[in-house]
Amino acid sequence: MEALIDLQSVCKDYYLAGETEGIAQWCKQLIKPTYVPFQALSSIDFRVKAGAAVGFIGPNGAGKSSLIKILCGIQKPSSGTVRVLGFDPSRRERAFLKQIGVVFGHKTSLWWDLPVKISLNTYKEIYNINDDDYRTRLVELTEALNLSKVLHKPVRNLSLGERVKCELTLNLLHAPKLIFLDEPTVGLDVTSKYEIRRYLNYKRKEDNLSVFLTSHDLGDIESCCDDAIIIDKGKIRFDGSMRELSANFKANIKLTVSTQDPAWSERGLLEFKEIIGRFSNISVLNDGAHQATYLVPKASLSSIFEMFREGVYDLEVSPVDFENNVVNLFKTWSGE
Ligand SMILES: Nc1ncnc2c1ncn2[C@@H]1O[C@H](COP(=O)(O)OP(=O)(O)OP(=O)(O)O)[C@@H](O)[C@H]1O
């Protein structure tokens, strides 16, 4: 069976104007510009199957938006082959565009000065959605995302959360097979995030909607995705299931340290921090004056316990949450 998304050796180079120093160089650059290539994506390979929900994770500047733009045909790769739903996205064929939805959390496709409903009605015509489907889907989306009071307001008057939910509505009205979401919940309150996550999960179950989601809020990925792809500096570092990723993380635990004697608290903790600083494989999660938290490989735990006097410190061991594990991965890679 053909994969929903199939990428082979995809690279993306951007060309940046050469740096100039002084007015002479600046004038020269103006007349005869020179460009320096910068590789944002380096030989990306992966496949995604139909019905999957993939969380695309990476630090700032890792290449996530560049890849999403390639996948939905907004920009072309410099080399490599891209197939999405069997199409070459860069050709922007109508049959391809009718099967995808694209939401960029910090951009809008809605008409800024007009009521939301006008944009939705226009999309209905563009996508040739029949009256019954349009009505049914709109009622469902409006109820699920709590939008009944906002459809008649001009977009410029909407709150951020309302706008993003309207954006999602717009991109689901034509019942796409695959939706790309680039930072859909950035700046949203917990309720709006919850509504979006819940609706995406519902659509996955109900209509086998495939989801390709990038978010710095790892709660979105944990709530909606079965698979994860991690990218760093334009290279894929992990491609597998969320279960495999979490299994990798089980090798670490969280160690919370405080001193038992409040009078000695700060000095005692400083002593602890100084000693634990000698372990190279331990990351600091929280460096408080009265309590510190570390991410520690389980294998190092016993040597840590041996080094500290019993009865002086409170050492609490607990599982590390997903977000702290991912932060730790990024930290490790940034040091490579
Ligand atoms: N049009 C462009 N011209 C030059 N460089 C670009 C262009 N677009 C992106 N880049 C660079 O490519 C790299 C990847 O950018 P991209 O926007 O894909 O990252 P990202 O992972 O989406 O980051 P963020 O999480 O901050 O949104 C960055 O270093 C960025 O500066």
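Some notes on this structure:
- Filtered by the rule that a residue be in a loop (DSSP other than H, G, I, E, B), small (Gly, Ala, Ser) and under 14 Å from the mean Cα position of the chain (by Cα), the range 46-72 gives 58, 61, 62, 63.
- Residue in the range 277-320 that is farthest from residue 257 (Cα to Cα), counting only those that are surrounded by 15 or more Cβ atoms within 10 Å (Cβ to Cβ) and not hydrophobic (A, V, I, L, M, F, W, C): 300
- Exactly one residue out of 69, 64, 28, 32 is over 27 Å from residue 332 (Cβ atoms) and near the ligand (Cβ under 9 Å from one of its atoms), and it is 69.
- Residue that is nearest to residue 149 (Cα to Cα), among those in the range 91-118 that are touching a Gly at 6+ places or on another chain (Cβ under 9 Å) and free of Cβ contacts under 8 Å to residues at least 24 places away in the same chain: 96
- Residue-level check: of (1) over 22 Å from residue 74 (Cβ atoms); (2) in contact (Cβ under 8 Å) with a residue 60 or more places away in the chain; (3) away from the ligand (no atom under 16 Å from the Cβ), residue 211 misses just (1).
- Among the candidates 40, 3, 53, the residue that is more than 16 Å from the ligand (Cβ to nearest atom) and touching a helix residue (DSSP H, G or I) at 6+ places or on another chain (Cβ under 9 Å) is uniquely 53.
- Of all residues in the range 190-249, those that are surrounded by fewer than 19 Cβ atoms within 10 Å (Cβ to Cβ), under 20 Å from residue 328 (Cβ atoms) and acidic (Asp, Glu) total 4.
- Some residue of the range 72-89 being within 16 Å of the ligand (Cβ to nearest atom), of a type in the set (Lys, Arg) and in contact with a Gly (Cβ under 9 Å, 6 or more places away or on another chain): no
- If the condition is being modelled with pLDDT of 95 or more, surrounded by fewer than 16 Cβ atoms within 10 Å (Cβ to Cβ) and in a loop (DSSP other than H, G, I, E, B), then the range 154-178 contributes only 175.
- When residue 200 is tested against (1) without any contact (Cβ under 8 Å) to a residue 60 or more places away in the chain; (2) in a helix (DSSP H, G or I); (3) not charged (D, E, K, R), just one condition goes unmet, and that condition is (1).
- Total residues in the range 203-231, condition of a type outside the set (A, V, I, L, M, F, W, C), part of a helix (DSSP H, G or I) and closer than 25 Å to residue 244 by Cα: 7
- Residue within the range 77-86 that is in a strand (DSSP E or B), charged (D, E, K, R) and within 21 Å of the chain's Cα centre (by Cα) present: no
- Candidates 234, 187, filtered to the one that is within 16 Å of the ligand (Cβ to nearest atom), touching a His at 6+ places or on another chain (Cβ under 9 Å) and not assigned by TED's automatic domain parsing to the domain that holds residue 320: 187
- Flag for residue 331 being within 30 Å of residue 63 (Cα to Cα), at pLDDT below 85, surrounded by fewer than 13 Cβ atoms within 10 Å (Cβ to Cβ) and among the basic types (Lys, Arg): no
- Residue within the range 193-202 that is of a type in the set (A, V, I, L, M), under 15 Å from residue 142 (Cα atoms) and either modelled with pLDDT of 90 or more or not assigned by TED's automatic domain parsing to the domain that holds residue 74 (or both) present: yes
- Enumeration of residues in the range 6-25 that are away from the ligand (no atom under 16 Å from the Cβ) and either acidic (Asp, Glu) or touching a residue at least 60 places away in the same chain (Cβ under 8 Å) (or both): 6, 8, 9, 21
The values are calculated or read from the model by the stated rules, or taken from the named source; none is laboratory data. Small disclaimer: the values here were computed from a predicted structure and weren't measured. Backbone-built Cβ (ideal geometry, glycine too); neighbour counts: all protein chains shown.
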